[in-house]
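Report on one structure; see the data block that follows.
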Amino acid sequence: MFHTGFRNGTATRTDEPVAGSELYFQRCQWCQTTTFQRLLCPTCGSTELTPERSTGEGIVSVRRGVSAAEADLWPVHMTEGFVVRCRVDGPLHAVRPGVRVKLAAASPRPGTEPVVRLCEEVPLDGWI
């Protein structure tokens, strides 16, 4: 995670999670389906969705039809079963479907995406 210093504007890398880096999802009280930022359950249509805290771990998924404005966004399948679009903090060559990630920072304000960090480093040539 890169943080910008307030006084000198330099970027520094830290491995500690940012304060308030909690991601909440919703679970339907009728069918137990998990979802992210919805008004209705996508399975049964119920409005009885209760918030739960995510573990913050997931796997990067395949993306299709990406515009230039969304080039750094990836769908992440979280362990609880919901999918959320995230910005991935890590080397560009290592961000690909199937890579494990962990929450680095939740959305600081509505309309922004959570940030996740790669759990494993992948060599430049792709061999593990």
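The values are calculated or read from the model by the stated rules, or taken from the named source; none is laboratory data. Every value quoted in this text rests on a predicted model; they were computed, and no experiment measured them. Counting neighbours? That spans all protein chains shown, and the Cβs are built from the backbone with ideal geometry, glycine included. Note: areas computed on protein heavy atoms with side chains; ligands, DNA, RNA excluded. Shrake-Rupley method; radii C 1.70, N 1.55, O 1.52, S 1.80 Å.
Okay, here's what the table says:
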{"read-out": "Selection count, region 49-76, where residues are of a type in the set (A, V, I, L, M, F, W, C) and either surrounded by 11 or more Cβ atoms within 10 Å (Cβ to Cβ) or modelled with pLDDT of 95 or more (or both)", "value": "7"}
{"read-out": "Of residues in region 91-102 being farther than 17 Å from Glu113 by Cβ and not hydrophobic (A, V, I, L, M, F, W, C), the one most open to solvent (accessible area, probe 1.4 Å)", "value": "Arg100"}
{"read-out": "Residue selected from region 77-90 under the condition closer than 30 Å to Gln32 by Cβ and part of a strand (DSSP E or B), by the criterion most open to solvent (accessible area, probe 1.4 Å)", "value": "Arg85"}
{"read-out": "Members of region 91-106 that are assigned to a strand (DSSP E or B) and closer than 12 Å to Leu23 by Cα", "value": "Lys102, Leu103, Ala104, Ala105"}
{"read-out": "Inter-residue pairs, beta-carbon under 9 Å, first more than 18 Å from Phe82 (Cα to Cα) and open to solvent by 70 Å² or more (accessible area, probe 1.4 Å) and in region 105-126, second of a type in the set (D, E, K, R) and at pLDDT below 75, 6+ apart", "value": "none"}
{"read-out": "Selection from region 20-47 of residues that are touching a Gly at 6+ places or on another chain (Cβ under 9 Å), assigned to a loop (DSSP other than H, G, I, E, B) and closer than 16 Å to Ala106 by Cα", "value": "Ser21, Glu22, Leu23"}
{"read-out": "First in region 48-61 and in contact (Cβ under 8 Å) with a residue 40 or more places away in the chain and in a strand (DSSP E or B), second anywhere and of a type in the set (Gly, Ala, Ser) and surrounded by fewer than 20 Cβ atoms within 10 Å (Cβ to Cβ), Cβ under 9 Å, 6 or more apart", "value": "Ile59/Gly98; Val60/Gly98"}
